[in-house]
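Down below is the structure, laid out as structure tokens.
The values are calculated or read from the model by the stated rules, or taken from the named source; none is laboratory data. Quick caveat, the model's predicted, so the values are computed rather than measured. Note: ideal-geometry Cβ built from the backbone for every residue, glycine included; neighbour counts use all protein chains shown. All accessible areas refer to the heavy atoms of the entire protein, side chains included, with ligands and DNA or RNA removed. Shrake-Rupley method; radii C 1.70, N 1.55, O 1.52, S 1.80 Å.
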Amino acid sequence: MTVQDHAFTPDLIPSQVPTHWYNLAAELDEPIPPHLHPGTKEPVGPDDLAALFPAGLIAQEVSADPYIEIPEPVREIYKMWRPSPLIRARRFEESLNTKARIYVKYEGVSPVGSHKTNSAVAQAYYNSIDGVKRLTTETGAGQWGSALAFAGAQFGIDVEVWQVRASFDSKPYRGFLIRTYGGTLHPSPSDLTESGRAMLAKDPNTTGSLGMAVSEAVEVAAQNPDTRYALGSVLSHVVLHQSVIGQEAVVQLGEVEAGADVVFGCAGGGSNLAGLSFPFLREKLHGRGNAKIVAAEPAACPSITEGEYRYDHGDVAGLTPLLKMHTLGMDFVPDPIHAGGLRYHGMAPALSHTVELGLVQGVAISQHDAFSAGVQFARTQGIVPAPESTHAIAACAKHVANSDKEQVVVIGLSGHGQLDLPAYAEFLDGKF
């Protein structure tokens, strides 16, 4: 595979916040298939997206530029926690009896404790300059909902969140955090929307899904001219914003190693893994590295390893554009596992495309194996990982355990699990 020749590459100093987002799509010979209008089945244009997204984000969704400058107001907020640390996990290495050198890119230092804030701040900013005063969104575990509520508070925007019922019931502290930042929270499906009422009529006891929550949030935004919708993963502009993670990691790792041999990240909607891995793929495409990228997804929702690569809706009601992605089907309702952020039926088109190109491979991890690895990591490194992140840790552990091979491994630790301790308690009490 070759890459286009782009003369401009922004400098990145380890002690500074990146100045630009990185757009891998601009460097691939084979373009990502376009999103299609749900009615006409033709590629969507800016006018088709204007009811939901501000002009700045629409431009980013289809941008052919490899680097897009991060607005100064966004960089100033990023400086509250960026650059996030790259940590050598020596005690975890010892517990695995491996010669591999394991590094963890830790996003739990953000205000809400996860990587989600990287895109939430950017989305709130672009909506604010368009004069938007209200945003709707969905959330699984609550990390995205709390991130957008925090970002809305920075730019004077009201945020209304529909949270998947399984997580709404099992993770009340995420809801408390959303409300503390000023957001409004509803369980999904709810009786507040037409799509929610239809879902409840079909199954009054449903545990919900991210696809259902997306339908409710999109419906409200589409029906109110003063309201826009914000998506926490999947779309290309979200993947773009998360690239700050990998850009920092490439530079930080370069100060102590020649590069990464393997990069592990958890994958649900795909923005976390893409944000970490795409800058490493940039290095590979330009002949500066050769990292293997592994997407660790839950065995209960295995869209990469068992789903089909085809066009599908991003929501249950069919309100969103059709996306070319790995999907289990828009009607798929996964088991109510504790990794709520990974309970999505599809995968980001950008990440799905790299899987099809052979640049990324998937692996499915059981909830038991994930939490077992999370506990091992917590007891050795002191950081309690988010349930989502434990999938990447487990995949890494299986790859390097009892190995004499010297290799450099990077794990994306997408957030901390301090608000997920009840889930850890269930694991420790043998209730899984």
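For the stretch 69-97, a residue qualifies if it is of a type in the set (A, V, I, L, M, F, W, C) and open to solvent by 30 Å² or more (accessible area, probe 1.4 Å), and the qualifying residues are MET80, LEU86, ILE87.
Checked against (1) charged (D, E, K, R); (2) more than 20 Å from the chain's Cα centre (by Cα); (3) at pLDDT 95 or above, GLU160 passes all but condition (2). Of the residues making up the stretch 193-246, those that are among the acidic types (Asp, Glu) and outside any helix (DSSP H, G or I) are ASP203, ASP226.
Restricting attention to the stretch 248-270, the residues that are farther than 23 Å from VAL161 by Cβ and either of a type in the set (Ser, Thr, Tyr) or open to solvent by less than 10 Å² (accessible area, probe 1.4 Å) (or both) total 7. Of the conditions (1) closer than 27 Å to MET330 by Cα; (2) of a type outside the set (Ser, Thr, Tyr); (3) touching a residue at least 40 places away in the same chain (Cβ under 8 Å), VAL384 fails just one. Which one is it? Only one criterion is unmet by VAL384, namely (1).
The single residue among ARG310, ARG288, ARG343 that is closer than 30 Å to GLU426 by Cβ and not polar (S, T, N, Q) turns out to be ARG343. The condition (being farther than 24 Å from PRO385 by Cβ and among the charged types (D, E, K, R)) is satisfied by just one residue among GLU194, GLU138: GLU194.
Residue-wise test of (1) open to solvent by 10 Å² or more (accessible area, probe 1.4 Å); (2) at pLDDT 95 or above.
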| position | (1), (2) |
| --- | --- |
| LEU276 | no, yes |
| LEU281 | no, yes |
| GLU297 | no, yes |
| GLU308 | yes, yes |
| HIS313 | yes, no |
| GLY358 | yes, yes |
| GLY374 | no, yes |
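Screening the stretch 323-334 for residues that are over 17 Å from SER195 (Cβ atoms) and in contact (Cβ under 8 Å) with a residue 60 or more places away in the chain and picking the one that is most open to solvent (accessible area, probe 1.4 Å) gives LYS324. Across the stretch 388-401, a minimum of one residue is classified as among the charged types (D, E, K, R) and closer than 15 Å to VAL104 by Cβ. The residues on offer are ASP369, ASP404, ASP420, and the sole one that is touching a residue at least 60 places away in the same chain (Cβ under 8 Å) and in a helix (DSSP H, G or I) is ASP420. The set of residues in the stretch 379-422 being in contact with a Lys or Arg (Cβ under 8 Å, 6 or more places away or on another chain) and of a type in the set (Gly, Ala, Ser) consists of SER403, GLY412, GLY415.
Regarding ALA198, is this residue open to solvent by less than 10 Å² (accessible area, probe 1.4 Å) and at pLDDT 95 or above? It is false that ALA198 is open to solvent by less than 10 Å² (accessible area, probe 1.4 Å) and at pLDDT 95 or above. Looking only at the stretch 48-57, which residues are open to solvent by less than 20 Å² (accessible area, probe 1.4 Å) and either more than 21 Å from LEU319 (Cα to Cα) or among the hydrophobic types (A, V, I, L, M, F, W, C) (or both)? Residues satisfying the conditions are LEU49, PHE53, LEU57.
Entry remark, the stretch 121-157: residues being in a strand (DSSP E or B), over 19 Å from the mean Cα position of the chain (by Cα) and of a type in the set (Ser, Thr, Tyr) number 0 in total. Of the residues making up the stretch 377-413, those that are polar (S, T, N, Q), over 20 Å from SER277 (Cα atoms) and in contact with a helix residue (DSSP H, G or I) (Cβ under 6 Å, 6 or more places away or on another chain) are THR380, GLN381. Within the stretch 109-131, the set of residues being in contact with a Pro (Cβ under 8 Å, 6 or more places away or on another chain) and open to solvent by 10 Å² or more (accessible area, probe 1.4 Å) comprises VAL109, TYR125, TYR126, ILE129, ASP130.
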